[in-house]
1. Need pairs with beta-carbon distance below 6 Å; first residue closer than 26 Å to Ser137 by Cα and within region 76-105, second within 16 Å of ligand 2 (Cβ to nearest atom) and of a type in the set (Phe, Trp, Tyr); sequence gap 6+ or separate chains.
2. Has region 259-272 got any residue that is touching a residue at least 24 places away in the same chain (Cβ under 8 Å), buried (at least 16 other Cβ atoms within 10 Å of the Cβ) and outside the structural domain of Thr416 (by the TED database)?
3. Which residue is surrounded by the fewest Cβ atoms within 10 Å (Cβ to Cβ), if the candidates are limited to region 1-32 and must be among the hydrophobic types (A, V, I, L, M, F, W, C) and within 16 Å of ligand 2 (Cβ to nearest atom)?
4. Determine the pairs where a residue that is in the same structural domain as Leu43 (by the TED database) and more than 16 Å from Leu132 (Cα to Cα), located within region 171-184, has a partner that is assigned to a helix (DSSP H, G or I) and within 11 Å of ligand 1 (Cβ to nearest atom) with Cβ atoms under 6 Å apart, the partner being 6 or more residues away or on another chain.
5. Find all pairs meeting these conditions: Cβ atoms under 7 angstrom apart; at least six residues apart or on different chains; first residue within region 135-164 and over 25 Å from Thr205 (Cβ atoms) and assigned by the TED database to the domain that holds Ile108; second residue away from ligand 2 (no atom under 15 Å from the Cβ) and assigned to a loop (DSSP other than H, G, I, E, B).
6. Pairs only if they're at least six apart or on different chains, beta carbon under 7 angstrom, first in region 472-491 and surrounded by 20 or more Cβ atoms within 10 Å (Cβ to Cβ), second of a type in the set (Val, Ile, Thr) and in a helix (DSSP H, G or I); list them, first residue then second.
7. Could you run through region 419-435 and say how many residues are in contact (Cβ under 8 Å) with a residue 60 or more places away in the chain and either part of a strand (DSSP E or B) or not assigned by the TED database to the domain that holds Gln396 (or both)?
8. I'm checking my understanding of the structure. Among residues of region 103-160 that are over 28 Å from the mean Cα position of the chain (by Cα) and basic (Lys, Arg), which one is nearest to ligand 2 (Cβ to nearest atom)?
Amino acid sequence: MLKLFDAQQIKAMDTCTVEKQDIQSVDLMERASLALFESLCHLLDEDSHIVIFAGSGNNGGDALALARMLLTKHFSVDVYLINPNGILSADCAANKARLERLLYINEIRSDKDIPQIEKGSVVIDGIFGSGLNRPLSDIYLQIVSVINNSGSIVYSIDIPSGLFVEDNSMNNPDGIVKADRVFSFQFPKLSLLLPENADYCSHLTILDIGLCSECIDEQFSDYSCIERRDIEPMLKKRNTFAHKGVFGHALIFAGSFGKIGAAVLSARACLRAGVGLLTMRIPSCGVEILQTAVPEAMVSAEEEKEWLSGVGGISDKMTIGIGPGIGLCQVTGDLLKTLLTVSSKPMVIDADALNLIAKDESLKLLIPKESILTPHPVELDRLIGCRCLSGYERLQKAREFAETYSVYVVLKGAYTATITPEKKVFFNSTGNPGMATAGSGDVLTGVITSLLAQKYSPFESAVFGVYLHGSAGDFAAKSKSVYSLLASDIIGYLGKAYRGIEKR
Ligand SMILES: NC(=O)C1=CN([C@@H]2O[C@H](COP(=O)(O)OP(=O)(O)OC[C@H]3O[C@@H](n4cnc5c(N)ncnc54)[C@H](OP(=O)(O)O)[C@@H]3O)[C@@H](O)[C@H]2O)[C@@H](O)CC1
Ligand SMILES: [K+]
């Protein structure tokens, strides 16, 4: 699991590593720059012209060390050191001295010194890193504007200059470098996983710079990234003598007139994710459709033709999922209230079930503890009753919600975040933009309900389900492309996603 840290913690681990490994901080900078150099070389052409912008802190120091390394490979390099106050960090000054022996360093002290960037150049952005402590102004704004308007490929060191590590709600969007790729040292930075910052980081590479693991373990963090090695041990092996009764009985409430497709998708996904038995509670208009499309599912037909109004037959043995395509009818809201009242086991709540809860405050208190709620950002905003101005704010509000109601919130997005009742946040690392398509959420509900029915804990059902869903989506995108991917394709690749987890 990759932990995510704030700027102070990063500094503390830096200092701790230098102490524990008995090295100088400039040696750690050399190690970081070497990791960057090796990774970057794969992306450069022999005749690339490289324009490096270095700031006065250690991010600038990294950039100057990188320039020296690129010269050893005979790249054409221009270096601009932005130093309006004439004060450099010690390690930046050390690297300036080393580089000066090999290359003339241009210094930018006023706007007259800002260069035009030659067309076709590759820009390295080493102006500010995790030490940024205020939005950019003056000369820095002008330099960022020149970089962003240059049409060049831009690679940022550690984090795009001008972007804060965590909260950018009060930042100036014009004062942030737009990077084609960010090479982040050791850990991703929280802000790079939030949707409002998508323009500043098209691709992300994490570089291992050998920070001391003891120093990392000492630092507490509420934020982590889930990796495959965290998921693999969760997979429950199947016993030779297993029968369908062992793998749980899911009961999914889904569909309304015109939205029976949502029920079909969640049913198929639930079965493909391995549940033993599945009952679909649907309005009667969907019975033939569902029985034809998913013969493996049982159907509990609602008396109403077009929407759900009654809970039907439920038992304690069943694991409930509710929401895909159910609509917002008052009678369906009443059904949801009854269901929340009579159930004490965790359930999966999605889509219009979340919107119905948002409409009736009293329902929130009825949600069984440890249930899994799977909102997209707009559904989350409705649920908490306010329009969040940033992904960062939304994440904090979702954490408060998860704690207040003792539930797991799966906040869907490019890096879907599973938030626990303890307010811990686990970002997912699989998935792709092709999955931003109709029905993708219905598939996720089916998968998570399936895992919960198979006795995965609510935490495992959420993080494993999200990982599996994303991984199936990645296989689907490889075959169908991100443009043509359908939610049904995700279901089709759930088996391959399982194989991927089971392989090693
Ligand atoms: N993680 C690791 O272990 C390793 C980290 N390493 C690298 O170190 C980087 C962090 O370095 P850092 O702490 O020196 O901060 P960095 O961002 O370079 O500069 C901060 C300086 O800028 C200033 N300043 C701030 N905001 C400003 C503004 N808006 N406008 C103008 N000035 C502003 C502020 O000074 P101030 O003006 O506040 O006095 C301060 O002096 C990190 O990102 C990574 O690249 C590797 O080398 C080794 C391993
Ligand atoms: K940077």
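The values are calculated or read from the model by the stated rules, or taken from the named source; none is laboratory data. All values reported here derive from a predicted model rather than from experimental measurement. Reconstructed Cβ throughout: ideal geometry from the backbone, glycine too, with neighbour counts over all protein chains shown.
1. Partner pairs satisfying both residue conditions: Tyr80/Phe53.
2. Going residue by residue through region 259-272, those that are touching a residue at least 24 places away in the same chain (Cβ under 8 Å) are 259-272.
Now narrow it down to the ones that are buried (at least 16 other Cβ atoms within 10 Å of the Cβ): 259-272.
Now narrow it down to the ones that are outside the structural domain of Thr416 (by the TED database): none.
No; the residues of region 259-272 include none that is touching a residue at least 24 places away in the same chain (Cβ under 8 Å), buried (at least 16 other Cβ atoms within 10 Å of the Cβ) and outside the structural domain of Thr416 (by the TED database).
3. Applying the first criterion (among the hydrophobic types (A, V, I, L, M, F, W, C)) to region 1-32 yields 1-2, 4-5, 7, 10, 12-13, 16, 18, 23, 26, 28-29, 32.
With within 16 Å of ligand 2 (Cβ to nearest atom) added as a condition, the list becomes 7, 10, 29, 32.
On the way: Ala7: 17, Ile10: 22, Met29: 23, Ala32: 26.
Selected residue: Ala7.
4. Final answer for the pair search is Phe183/Leu36.
5. What qualifies is Pro135/Asn172; Ile139/Pro84; Ile139/Ser110; Gln142/Ile114.
6. Every condition considered, the pairs that remain are Ala472/Ile490; Gly473/Ile490; Ala476/Ile490; Ala487/Val443; Ile490/Val443; Ile491/Val443.
7. Qualifying residue count for the region: 3.
8. Of everything passing the filter in region 103-160, Arg109 is nearest to ligand 2 (Cβ to nearest atom).
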